[in-house]
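The structure appears right after this line, and notes come after that.
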Amino acid sequence: MYSRLGTRLIDMLHSFWFLPSLMVLLSALLAEGVITLDERLGYRTVDWLLLFRGSVESARALLGGIAASIFGVASTVFSITIAALSVASNQMGPRLMESFTRDWRNSASLGALLATVGYTFIILRYVQEQSAPGVAGFVPHLGVTLALLLTFISLGVLIFFIHHVATSINVGYVIRLVHDDLIRTLEQQTIPGECQDQLPAEPPPLVNAEGIVAPHSGYLQSADVRQLVRLAQRHDTVIRLLVRPGDFVRKGVPVALATAGPPKEITAAMTIGRARTTNQDVEYAVRKLVEVASRALSPGLNDPYTAMAVLDHLGDALCFLRDRGLSGGRHECDGQVRLFIPVPDFQGLVGTMFDLIRQYGKTHPAVMIRMIDVLTQACACLTDPTRRDVLRLHATLARDEALENTWAPYDRDAIERHYERFVRTFEERPGGSGGPRPVEQHQ
C-alpha cells in the first residue's frame, strides 16, 4: 500500500537528481577517507603499491586536467540526455518522458561523472607545497591514483551511456519499458490466484455522512488503504471514496464521504500531486502504451508496425491476468466493511487498451487484423466467461469497423478469416489449470 510518505519517497527515488546527488555525496566521503588513509600511510607504500609518484606541481596539473575534462564530458552527457528526451517527447508523447527520467542507468551515468569531478576537487584541495622550512608539503599519492582509476571508469561509463541512449530512443525499447511498468502495476493492484474479478462494490447510502473535501487541486496519485481502514475502525465508521487514483480532484470539492472521523486524517491518507503516476493507476500505465500507438497511426508518422508492437504488449498484459483478479473496491476489517474505493473493471480496462487504437487504426487492415489476433490469443488465455464476452465484443467491433473502412476484397477476406478464428477460439471450452490453449499463430 502507498502512504503519502511512501509515494513521495518513490517519486524522489525515481527523480533524475536523486541518484547523482547521492553519488556526489558518497564521492566526497570517499575523498575524505582516502585523504585520512594517505596521511597515515605517508610515503612508505608509494613504491610497492605502484601509486602516483609525482610532485606537488604534477599532482595539481593532473587533478586539474581530470576535473576539467570530466566536467566537460558530464555537460555533454547532460546535453545528450536532453536531446533524447526531446526526441522521445516529439515522437512518442510527453508522458513517456517519465520512463526516461525513471531509468536509473541515465541517472547513474551522470552521477558517476559528477562524482569523479567532486572527488577530484576535494583531493586537489589537499595538495600543498612546502609552506615554510620544516613544514613538508603533502601529495595524496593514494588519492591521485584513485582519481586516475575513476577517470578510466568514467570513460567506460561514457561509452556505456552513448550506447544506452542510442538504444533507449528506439521505439521498441520504450514500448518494452512502459510494458514492464504496466505489468508491475497490474501485479500490485490485482489479487493473485483469482481467475475471476471481484464484483464491483455497491456502497450502501451513508446516513448523515459528511463530505471530505480536497485540500488542493491535482491528480489523486495514491490512497493508503490500510490507513483508511484503520481510521474507519478507530472511529467506528465507513469511508467511501468518491474518486480513485488517476482522477483529477479540485480544491474544496468532496472526494470522500464518512459518517465520523477527522477530515484531515482522511485526506492525509490520500496523495494528491501535479501529475498522474502508475503507483496505483492501472489505466494510466495502459494509456501511455496506447499513446505510442495512437501517435504512430497519425498521418504525420503513419507507422502501423509500432501500433502492432503495442498491441502485442497489450495482449501480453491481458494474458498476465489469467490467474489474477481485479479488486471490487470493498475492504473489510474484522468481518465488517470499512472502506469503499472506486476501481476500474475489466471491461473498462480492455476499452482503454483497444478503443483509441481501433478508432485511429480502422483504415489500416494490418493493424485491425493484429488486434483481432491479439484478442484471439487473450481469449485462449482467459477462462472467465465474463472476461471472454468482453473480448468478443471488442473483436466484433474491430471486425465491423475494419470492414466498413476496407474496400479491397483480399483485405476483407483476411479480416473475415482472422475473425472466424477468434470465434472458433471463443466457442471452445476454456482450458483448466493446465495453462492457455494453443492457438495457431499463422494460417
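The values are calculated or read from the model by the stated rules, or taken from the named source; none is laboratory data. Remember, it's a predicted structure, so these values are computed and weren't measured experimentally. As a convention, Cβ positions derive from the backbone with ideal geometry for all residues, glycine included, and neighbour counts pool all protein chains shown.
Across the range 146-164, what is the number of residues that are farther than 20 Å from VAL117 by Cβ and surrounded by 14 or more Cβ atoms within 10 Å (Cβ to Cβ)?
The initial filter retains those residues of the range 146-164 that are farther than 20 Å from VAL117 by Cβ, namely 163-164.
Restricting the remaining residues to those that are surrounded by 14 or more Cβ atoms within 10 Å (Cβ to Cβ) gives 164.
Here the count works out to 1.
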> Just a yes or no: is a residue in the range 39-46 of a type outside the set (A, V, I, L, M), out of contact with any Ser or Thr (no Cβ under 6 Å at 6 or more places or on another chain) and modelled with pLDDT of 85 or more?
Replying inline: no
> Under the condition of being among the hydroxyl-bearing types (Ser, Thr, Tyr) and over 24 Å from LEU186 (Cα atoms), which residue from the range 270-311 is surrounded by the most Cβ atoms within 10 Å (Cβ to Cβ)?
Replying inline: TYR305
> (1) free of Cβ contacts under 8 Å to residues at least 60 places away in the same chain; (2) at negative phi: which one isn't true of PHE320, the others all being true?
Replying inline: (1)
> Hey, any hits in the range 207-218 for a residue that's under 13 Å from GLN280 (Cβ atoms) and buried (at least 17 other Cβ atoms within 10 Å of the Cβ)?
Replying inline: no
>> Looking at the range 382-420 only, could you name the residues that are assigned to a helix (DSSP H, G or I), over 20 Å from LEU356 (Cβ atoms) and not basic (Lys, Arg)?
In response: PRO385, THR386, ASP389, PRO409, TYR410, ASP411, ASP413, ALA414, GLU416, HIS418, TYR419, GLU420
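Somewhere in the range 169-176, is a residue farther than 30 Å from ILE82 by Cβ and assigned to a loop (DSSP other than H, G, I, E, B)?
Within the range 169-176, not a single residue is farther than 30 Å from ILE82 by Cβ and assigned to a loop (DSSP other than H, G, I, E, B).
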> When you scan the range 210-286 for strands (runs of 3 or more DSSP E) that lie fully inside it, which ones turn up with 1 or more residues that are closer than 15 Å to PRO342 by Cβ and among the hydroxyl-bearing types (Ser, Thr, Tyr)?
Replying inline: 218-223
